[in-house]
């Protein structure tokens, strides 16, 4: 099978993109993404998507500037499952780090679930270093559609942006 090259652009996520992000999580997740979009107008956050010529989002990542002093915290990063391991996450993180540096911040931070070694391997390859473990939690839909609280342990990782 021949290789196919597709040009991608990283741009700001908009309200119009939310319907096309259903692959990234359920209805509760889309509510969380919408909430982050509200923080963008306050200057507390940015939300990025990677898109091809069709303009459909195939990757996303948020940056929170209010969580930690001196750092931008990258979170809600995801790439469409059919397109993982194609460099899209690397592209998103390069743009997120560029934007964090543009704000004069020294560090990019993130949390990765301990049961997600594939994501952790990407972050380590990109230069992030683990420095602590911490519990985390968020709402998800349960098997019968009820809202349940998901509990996990995350590894906190940091990268000095020089």
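The lone criterion from (1) within 20 Å of residue 29 (Cα to Cα); (2) at pLDDT below 95; (3) surrounded by 11 or more Cβ atoms within 10 Å (Cβ to Cβ) left unmet by residue 82 is number (3). Would it be correct to say that residue 96 is buried (at least 20 other Cβ atoms within 10 Å of the Cβ) and closer than 27 Å to residue 146 by Cα? So residue 96 fails the test. Flag set for residue 87, criterion: under 19 Å from residue 48 (Cα atoms), at pLDDT below 95 and out of contact with any strand residue (DSSP E or B) (no Cβ under 9 Å at 6 or more places or on another chain). Every condition in (1) touching a helix residue (DSSP H, G or I) at 6+ places or on another chain (Cβ under 9 Å); (2) assigned to a strand (DSSP E or B); (3) under 22 Å from residue 65 (Cβ atoms) holds for residue 158 except the one numbered (1). Can you tell me which residue within the range 13-27, out of those that are part of a helix (DSSP H, G or I) and in contact (Cβ under 8 Å) with a residue 40 or more places away in the chain, is surrounded by the most Cβ atoms within 10 Å (Cβ to Cβ)? Checking each candidate, the answer is 24. Is at least one residue of the range 100-107 surrounded by 14 or more Cβ atoms within 10 Å (Cβ to Cβ), in a helix (DSSP H, G or I), at pLDDT 95 or above and at negative phi? Within the range 100-107, one or more residues are surrounded by 14 or more Cβ atoms within 10 Å (Cβ to Cβ), in a helix (DSSP H, G or I), at pLDDT 95 or above and at negative phi.
The values are calculated or read from the model by the stated rules, or taken from the named source; none is laboratory data. What you are looking at is a predicted structure, and each value in this text was computed from that prediction instead of being measured. Note: ideal-geometry Cβ built from the backbone for every residue, glycine included; neighbour counts use all protein chains shown.
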